[in-house]
1. Based on the Kirkwood radius over alpha-carbon pairs, what is the Stokes-Einstein translational diffusion coefficient of the chain at 10 °C with 1.306 mPa s viscosity, in µm²/s?
2. Only Cα pairs under 8 Å and at least 6 apart count here; give the relative contact order of the chain as a rounded whole percent.
3. Summing +1 for each Lys or Arg and -1 for each Asp or Glu, what net charge is found among the other residues whose Cβ lies under 14 Å from the Cβ of R592?
4. Out of the total accessible area of region 481-617 (probe 1.4 Å, heavy atoms of protein only), what percent is carbon and sulfur?
5. How far is helix 18-37 tilted, in degrees, relative to the longest principal axis of the Cα atoms in the chain, given as a value from 0 to 90 rounded to the nearest 10?
6. Under the rule a/c < 1.5 gives rounded, and otherwise a/b versus b/c splits prolate from oblate, where does region 543-593 land using the Cα gyration tensor?
7. Which distance in Å, rounded to a whole number, links the C-alpha centroids of region 123-185 and region 584-646?
8. Run down the lysines and flag those whose C-alpha is under 21 Å from the C-alpha of K99, throwing out any fewer than 8 positions away in its chain.
Amino acid sequence: MNNDANESSAESGIDPPPVCNLALRDSEAKLRTVLDTITDGVIAIDEQGIIQLFNPAAEKLFGYQFEEVLGQNVKLLMPNPDHDAHDGYIANYLRTGVKAIIGIGREVTGKRKNGSLFPLHLSIGEALLGDERFFVAVIHDLTSRKRAEEQLHTLSRAVEQSPSAVMITDIHGMIEYINTSFSHLTGYSSSEVIGRNPSFLRSSKTSVEQYERIRETLLKEGEWKEEIQDRKQNGELYWALETISPVRNSAGKVTHFLSIQQDITEQKRDKEALQASEKRFREVAEMAGEWLWEQDPEGCYIYSSNAVEQILGYQPNEILGMSYLNLLTEKDKLHWTTELPATNQVREPFHRLVNRYRHKDGREVFTESTGKPLLGEDGRLIKWRGVDHDITARKQYEEERHELELAKQIQISLLPKTALNIAGLRVAGYCLPATHVGGDYYDFFNSDNILNIVIADVSGHSMGAALLMAGVRNTLKAEARKSDPMKPNQGAAEILHSLNELLHDDLNGSDLFISMFFMRYNPSLRQLCFSSAGHNCPLWLPVNEDTCRELDTEGMVIGVRKDVMFEEKCLSFQAGDKIILYTDGITEAQNRAGEFFGVARLSDLFTANRLESPEMSISNILKGLCEFCGRQTFNDDVSLVVLNIE
């Protein structure tokens, strides 16, 4: 039935047949059902933009109920700028008939009741019902699709910008995608590898069989991860930590393979260099006798080099599993366990720490220990690594050196502090201590208007020698003061004889002996009586002569045997005579050519200083000695005593 027939029936007052009403109602019911169940929103507006239809899907999308929007302008559902411009859109279309959006569809933004915005696809159609024009909009929510697109875009950017090389192949292993890092790592561009099998990357160290095993592992276990060596486009080899995983579709079927390579070439080189360095270090340490070790966090040995046998007498396998505390002396063990924190609580390295170990044979061994903790990425202590250097000999030397320093102090304390002036005589002495302490001793002192002068040298460089010299000094002074040089058998020779008898047993038991020259000068008589116990002969420079004479007497060194007789001589002197007493430290000093300074050079220097004071004579002789030897220190003491008779 056409519209003219309907209008004619209405004008005539004739109602439509019942069958038509039923069809119309059925059609409306079906349309309502469609509008109520469709998942897209449907909105109908009139020419003024007033909402006439708002289906349940639209209610869900925008958060409004139909009653809330009925009669409202549709721009209620739009954010700016569309909100303010929408009425103009409709007016322009009604005026010009130009369709800007009708029948086209586009993506726009909707505004919910709560003010939130969401993306949607808008399709608009135009309908005429009689004289009324309606615009019908179908709205599809794009929120989920946009979110998925954004996630996909983010994932794509992440893969493309990843610092690791990424490659995707199909099920047959043909490359479908590579990222930028892959190109940077291998030198191949995307166009050069798409559609190719990755085997062109294989180096000579990666066999075909290994590639086949990769595929088998992927199909069985689902993932393959291993270090692999590949070849770049320029032929350069590189190492990569490669992980290959299957990509499955929604049905669980493998459709692609994802490969991720992390370049570890530098790490491999560093690791190999470190291993080579450690090997060389251990080899050098073994040759140098250094004891290399590693301990677990509890201080138990998990590695030991062979040097432990040289230092402590143990085979390396004998100390594995043993705590370092069990190798220390009881004193050091008590120190470490009571005064210091436990090994597993320490995180700082230690340097040149002195330890006292107990050798397998029971003796003490000193070592200098240096260690460093090796920590994991989480800061957890993994183990200790260190090296011990045997310093037992050094410690013994230091102890002996300390003893020698004390001996030197004793030695120096025995010497006269100033020169001596008495009527008709001036005497001065000097001792230049050696690098290692010797046993030189000199002294001059008065007893009953008699000047006693002595110079001596004790064999051996030790505290014992210094203490012995102190005893000799006191004994000599006691013997000199109780004797009368004017009486028979109480002269210089008799004093040396008494000293030998008194000291023989002590000297013989200690393997020490003493060389000594002893003289007694009577100023009133200008007479000098002297005796020697195997010592260097002093030099006498008479006032009217140009050469020196030796003051020589027979006598054995003190301490070799008892009942030794010593020869004594007496001489008269004149004003201007000079005498020098010395130890063999000066005559046996050598220059770089190995020549000895000798008695002749000493005599010449002494003669050249005939007119000088004893102090200046000594100073000039020492200067000449240093110039001859080319150094300021000597291996033996240099002692001088000079007398000027006035």
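1. Details: Rh = 38.1 Å.
In µm²/s, the coefficient rounds to 42.
2. Numbers: 1164 pairs, mean separation 43.0, N = 646.
Over the chain, the number comes to 7 percent.
3. Values: positive: R631; negative: E595, E627.
Within the 14 Å Cβ shell, the charges total -1.
4. Details: 3150 of 6610 Å².
In region 481-617, the share of accessible area belonging to carbon and sulfur is 48 percent.
5. Taking the Cα atoms of the chain, the angle to 18-37 is about 0 degrees.
6. Oblate, because a/c is 1.5 or more while a/b does not exceed b/c.
7. Between the Cα centre of region 123-185 and that of region 584-646, the gap is 104 Å.
8. K75
The values are calculated or read from the model by the stated rules, or taken from the named source; none is laboratory data. Values in this document were obtained by computation on a predicted structure and should not be read as measured data. Note that each Cβ is placed from the backbone with ideal geometry, even for glycine, and that neighbours are counted across all protein chains shown. With ligands, DNA and RNA removed, areas are computed over all heavy atoms of the protein, side chains included. Shrake-Rupley method; radii C 1.70, N 1.55, O 1.52, S 1.80 Å.
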